[in-house]
Amino acid sequence: MKKNAEGVEKGSDIQAPDRRRSTVAVEDVGVFLDLRDQGFKDVIGGGLFTEDNGDLTFRFGHSLIADYVEDDWVGTHVHLVRSKDGGKTWSAPELVTMPRVKDLQKESFFWGPFFRTRAGTVLYTGLHQVLDAKEGTRQQDLSMRAYMVLYARREKGQAESAMKIVEWPPGTFLAEQWLEGGFQLPSGRLIFTMWGIAQRGENWRCGVLISDDDGKTWRFNTVGYEADLSIRDNPTVKGYPAGFNEQTLFLTGDGAIVSIIRGREKLGRGVPGGGNADTWFFRSESRDDGETWSKPEPTNLPGTGATIGRGLTLPDGSLLIGCRIPYSRTYYDLPEKDLYGLNLARSFDNGKTWTPEQIIQRDHEKNPFTTHHCAMNGLFRQLTGDQYEYIFGFFGHAYQPKLQRMLRLKLRVGQPE
């Protein structure tokens, strides 16, 4: 089934999987966005969107007070670049802000469109944080980062200036609310991933936000949660929690929704073949359009930093995900044994087991991926009927100061002759 640039299906039925096996080939590795020559030494994540006029826009976080170190630093603000040639060239970055931001040095802010529904409605989201510590540039208590989530919807033909921005304060869905990607079901239902902490001191949980009225109202359903604090590496120390956080959703050929979930710290250890330091992906599925979910079970896939929001379901029904290579060396047959990198993994049983499809351990300039941070979370973008990009951050520890730029793989999905 064809999709637009935001991954929305065009049509009302799920395409039946082809019985032949699809091929996946990496045709090119290159730069998606590198702004060092304009003074931007940190490009933190980002949101890619196709605007009403066809322009491609990319909104990324950039620290105004320090080089990038953590994704929760105060002083990080959204910047916009625009491309009129599909991402070949980009405009100079522009700071995006709102009157609600009073002090760029003591607040962080992100805002932009993230999804277009089949009705033509554009959904927007963002975060706003005010420094809550007496000193420093980040929140001191990482057991819960209480961001204000901003949300808006712009109906087809409506001016952006006329749309209403609403606040989702901590506790609207979770106390800590990280809204990420998703898709629209053939029924019209919108389903997006969200993770965070429900109450201060608890572990992370993951779930989905659901809307049946084109984004006017939303509700949250939990997908995975483990309350036991002993899954933390340091359960008695106030600080980083463990648990289920980032998710990648798949719509399978038989109508199920599969969630592949990052399990942090001791939650995933003890999986056969794993080491004491590994993190593992878990699997949950829903057979009722996201209303209820099976208990997350560990897969055989070690990794972290997976595809944001939505993975690829290939014409043969198999699933394709991108994730970082962490510590395990038993799952992989690594071309370069000492390096890390990006693992494009594939599943032929709806996400229960995975095998590496493509492993990338160097960038286009042959620089090695020397730590598991080098290949950050990524996203798929469809270019043509059978060609895709996988866009991900490159976190280069060898650079001083630290550098993050956006790289991309060009993939071609085909059928055997």
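The values are calculated or read from the model by the stated rules, or taken from the named source; none is laboratory data. All values derive from a computational prediction rather than experimental measurement. As a convention, Cβ positions derive from the backbone with ideal geometry for all residues, glycine included, and neighbour counts pool all protein chains shown.
Got a number for residues in region 322-346 being in contact with a strand residue (DSSP E or B) (Cβ under 7 Å, 6 or more places away or on another chain), free of Cβ contacts under 8 Å to residues at least 40 places away in the same chain and either at negative phi or surrounded by fewer than 18 Cβ atoms within 10 Å (Cβ to Cβ) (or both)? Residues meeting the conditions: 5.
Got a number for residues in region 275-297 being part of a strand (DSSP E or B), among the aromatic types (Phe, Trp, Tyr) and modelled with pLDDT of 90 or more? Within region 275-297, residues that are part of a strand (DSSP E or B), among the aromatic types (Phe, Trp, Tyr) and modelled with pLDDT of 90 or more number 2.
Just one of the listed residues (Thr292, Thr304, Thr279) is in contact with a helix residue (DSSP H, G or I) (Cβ under 8 Å, 6 or more places away or on another chain) and not small (Gly, Ala, Ser), namely Thr279. If I ask for residues that are closer than 30 Å to Leu267 by Cα and buried (at least 22 other Cβ atoms within 10 Å of the Cβ), which ones from region 181-190 would you list? Selection gives Gly182, Leu190.
Would it be correct to say that Thr137 is β-branched (Val, Ile, Thr) and modelled with pLDDT of 90 or more? Criteria not met by Thr137. Residue check: is Gly253 surrounded by 15 or more Cβ atoms within 10 Å (Cβ to Cβ), closer than 30 Å to Asp316 by Cβ and in contact with an Asp or Glu (Cβ under 9 Å, 6 or more places away or on another chain)? Yes: the conditions hold for Gly253. Examine region 371-388 for a residue that is of a type in the set (Val, Ile, Thr) and under 19 Å from Leu56 (Cβ atoms), and state whether such a residue exists. Checked region 371-388: at least one residue is of a type in the set (Val, Ile, Thr) and under 19 Å from Leu56 (Cβ atoms). Pairs linking a residue in region 166-183 that is free of Cβ contacts under 8 Å to residues at least 24 places away in the same chain to a residue that is assigned to a loop (DSSP other than H, G, I, E, B) and buried (at least 18 other Cβ atoms within 10 Å of the Cβ), with Cβ atoms under 7 Å and 6 or more positions apart or on different chains, are Trp168/Gln177. Across region 87-103, not a single residue is classified as in contact with an Asp or Glu (Cβ under 6 Å, 6 or more places away or on another chain), of a type in the set (Lys, Arg) and more than 20 Å from Met163 (Cβ to Cβ). Looking only at region 380-392, decide whether some residue is more than 30 Å from Gly255 (Cα to Cα) and modelled with pLDDT under 95. No, region 380-392 contains no residue that is more than 30 Å from Gly255 (Cα to Cα) and modelled with pLDDT under 95. Taken over region 169-197, the residue count meeting the criterion of being part of a strand (DSSP E or B), modelled with pLDDT of 95 or more and among the aliphatic types (A, V, I, L, M) is 3.
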